[in-house]
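Report on the following structure.
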Amino acid sequence: MNSIKILQTITNQKILLPFFHTVAEGPLPHIKHLYRMKTVKEFIDDLNFLLKHFEPIDAETLFYFHNNKIVPKKPVFHLTFDDGLKEIYEVVAPILLQKGVPATFFINSGFTDNKELFYRFHASLSIEELAKKGKLTEQVKKEVLLCSYAEKDKLFSYFSQQQVYDFLNKEQPHLTTEQIQLLNNKGFTIGAHSIDHPYYHEIPFSEQLRQTRESLEFVSSIVNQKLRLFAFPFTDFNVSKKFFEELKSFVDLSFGTSGMKNEKVSFNYQRIAGEKSNGTTIKAVIRKECLKFLVNAIMKPAIHVNLISNLIQTKQPQ
């Protein structure tokens, strides 16, 4: 039994939810200072690993498991992508279709059709511009990267409104409505990811609801699907119980980014990040997540007993 199989058995985590943002050859200026993207080869290698150890499922199957409180007999995975980048249509979807892997793509209603630019992409472009002018220092880079959602207009002093407008028109970094509809027609699920990607714990409760409802309504207006799916932008960290109580009335499933853990909110699923700054493979990410889950679980006696039981089972003759 290999190490991943052993960790799967001990943790008893049968549903894996990896998420990515984009796949591209060569750096993209609006992303290169934010996180390391997967190359096509790296992404295909990750998919091959996942397909070797997990069965791919679509969002409908995931909801079926949830709705009927079913734990799959074999480990499964559902792939998701955030932020609605154009490479989803141009690069990612063709690979997934070839491999027979379903996926859900979470989009921001405010960015679709390149109406606006995600402020974090604006920050990366600002750093590129400062470097080009020889004005980039580590301190300035840090300040730009730490620019908050509330302070995002400050970025225009580095990369102007006109430059943003020109970039959107020339590069078209976000998916168009037509591309989203074509993806949906090919069998992919579309989910909402807020209007313009704020940190939810930094905005008022009423704005959390508006961002969520309006982005879900937008998705419903452009694609024909029954499932209502929502992925928190950045994270669901510090989002109130009151918000989740409201959320359950207008979504089927929601998704965070906290990695492998036992989630208290039944309809909210945590995902693991497939992109790491050091280019870590999905195999290494899963192993680390399993080990982190075990360490956290050991601190809770009830879960600890289950882990010991699972460990004993792995030592039984196969």
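Every read-out reported here was derived from the displayed coordinates using simple, explicitly stated rules and does not represent laboratory data. Quantities reported herein were computed from a predicted structural model and do not represent experimental measurements.
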> Angle, helix 205-222 long axis vs. longest principal axis of the chain, Cα atoms, 0 to 90°, nearest 10?
Replying inline: 90
> Given the alpha-carbon gyration tensor of the stretch 183-270, what are the semi-axes of its equivalent ellipsoid in whole angstrom, ordered largest first, with each equal to the square root of 5 times an eigenvalue?
Replying inline: 21, 15, 12
>> Restricted to Cα positions, what overall size does the stretch 1-110 have along the principal axes? Three whole-Å values, descending.
In response: 42, 33, 27
>> Show log10 I(q)/I(0) for the stretch 76-174 at q = 0.18, 0.19, 0.20, 0.24 Å⁻¹, two decimals, from a solvent-free Debye sum over equal Cα scatterers.
In response: -0.89, -0.94, -0.99, -1.20
> Working out 0.36 nm times the residue gap between K99 and S206, then minus their Cα-Cα distance, what length gain in nm do you get to one decimal?
Replying inline: 34.4 nm
> To the nearest 10 degrees, how steeply does helix 301-314 sit against the main Cα axis of the chain, on a 0 to 90 scale?
Replying inline: 70
> Out of the DSSP beta bridges found with both residues in the chain, what percent are antiparallel (nearest 5)?
Replying inline: 5
> What fraction, in whole percent, of alpha-carbon pairs in the stretch 123-194 exceed 20 Å separation?
Replying inline: 48
> Got the relative contact order for the chain handy, in percent, Cα pairs under 8 Å and 6 or more residues apart?
Replying inline: 22
> Out of residues 5 or more away from Q13 or on other chains, whose amide H comes under 5 Å of its own, with H placed 1.01 Å from N in the peptide plane?
Replying inline: none
> What is the Cα radius of gyration of the chain over 2.2 N^0.38 Å, N being its residue count?
Replying inline: 1.03
